[in-house]
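Structure, as structure tokens:
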Amino acid sequence: MFYSQAGARPRTWEASPSEHKKWVEVFKACDEDNKGYLSREDFKVAVVMLFGYKPSKIEADSVMSSVDPNTSGIQLKEFLDIVRKKKEAQLYCSEVRHIFTAFDRHYRGYLTLEDFKKAFKQVAPKLSERIILEVFREVDQDSDGHVSFKDFEYAMNSGQK
């Protein structure tokens with residue numbers, strides 16, 4: 001019930017012209033020999049430049065396996081699509097954290113049933129206490145009476161499926 005009805009839906013996000021320009025500049029900077037594509041190592045450098053972390057072997061393997069096998073690497077169009085999706089995911093995670101923090105009014109790092117009741121009273125005032133209790137129990141995966149950020153994030157992500 002909760003996952004299908006109350007799950008967050010990610011919005012389609014488009015880069016601003018200046019951000020798009022920055023991505024193209026990073027692509028060109030990482031394509032040192034002007035090959036027209038990024039190798040695996042070039043891609044890793046680009047991710048460091050744009051997101052501040054070195055992608056794991058698994059992430060790099062995943063990206064490289066999705067590349068057109070008729071090319072030698074990631075072309076600009078593919079790169080821009082990959083970066084847009086990464087940025088969208090990053091923004092979504094930030095939004096989920098923001099929602100959790102808004103519900104966690106006492107800054108405890110977890111939500112109680114009372115926190116849920118107060119939050120739902122604001123966003124869905126006609127929702128019965130029985131439904132709120134069902135939602136809370138469904139989200140509280142380990143049944144400890146607290147919804148951790150991990151529980152909350154899992155519920156929000158499951159709602160997209």
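Note down the accessible area of residue 21, probe 1.4 Å, to the nearest 10 Å².
We get 130 Å² for residue 21.
Kindly sort 35, 54 by accessible area of their heavy atoms, largest first, with the probe set to 1.4 Å.
Order by accessible area, largest first: 54, 35.
With viscosity set to 0.890 mPa s and temperature to 25 °C, compute the Stokes-Einstein D of segment 87-161, Rh being the Kirkwood radius across alpha carbon pairs; µm²/s, no decimals.
D, rounded to a whole number, is 192 µm²/s.
Ratio of Rg to Rh for segment 1-142, alpha carbon only, Kirkwood?
1.14
If you build a Gaussian network model of the chain, linking Cα atoms that sit under 10 Å apart, which residue out of 97, 105, 130 swings the most?
Most flexible of the set in this elastic network: 130.
For residue 99 and residue 25, FRET efficiency with R0 = 45 Å and r from the beta-carbon atoms, rounded to 0.05?
With a Förster radius of 45 Å, E is 0.85.
Calculate, axis by axis, the spread of Cα positions in segment 26-65 along the three principal axes, and write the results as whole Å, longest axis first.
Answer, in whole Å and largest first: 26, 22, 9 Å.
Dipole magnitude of the chain about its Cα centre, charges +1 at Lys/Arg Cβ and -1 at Asp/Glu Cβ only, in debye to the nearest 20?
460
Taking the Cα atoms of segment 65-128, what is the range of coordinates along each of the three principal axes, in descending order and whole Å?
56, 27, 16
Name the residues whose placed amide hydrogens come within less than 5 Å of the amide hydrogen of residue 15, ignoring near sequence neighbours (fewer than 5 apart) on the same chain.
Residues meeting the criterion, in which the H sits 1.01 Å from N, do not exist here.
When the accessible area of the chain is split by element with a 1.4 Å probe, what percent falls to carbon and sulfur?
53
Hey, can you grab everything whose amide H is under 5 Å from the amide H of residue 111? Only 5+ residues off in sequence or another chain; H modelled, so Pro and N-termini drop out.
Placed amide hydrogens put 147, 148 under 5 Å from residue 111.
Determine which lysines satisfy two conditions relative to residue 21: a Cα distance under 17 Å, and not lying fewer than 8 residues away in the same chain.
Residue 21 reaches 77, 85, 86, 87.
The values are calculated or read from the model by the stated rules, or taken from the named source; none is laboratory data. From a predicted model like this one, the values you see are computed outputs, not experimental measurements. Every residue, glycine as well, gets a Cβ built from its backbone with ideal geometry; the counts of neighbours run over all protein chains shown. To get the accessible areas, we keep the full protein, side chains included, count just its heavy atoms, and leave off ligands, DNA and RNA. Shrake-Rupley method; radii C 1.70, N 1.55, O 1.52, S 1.80 Å.
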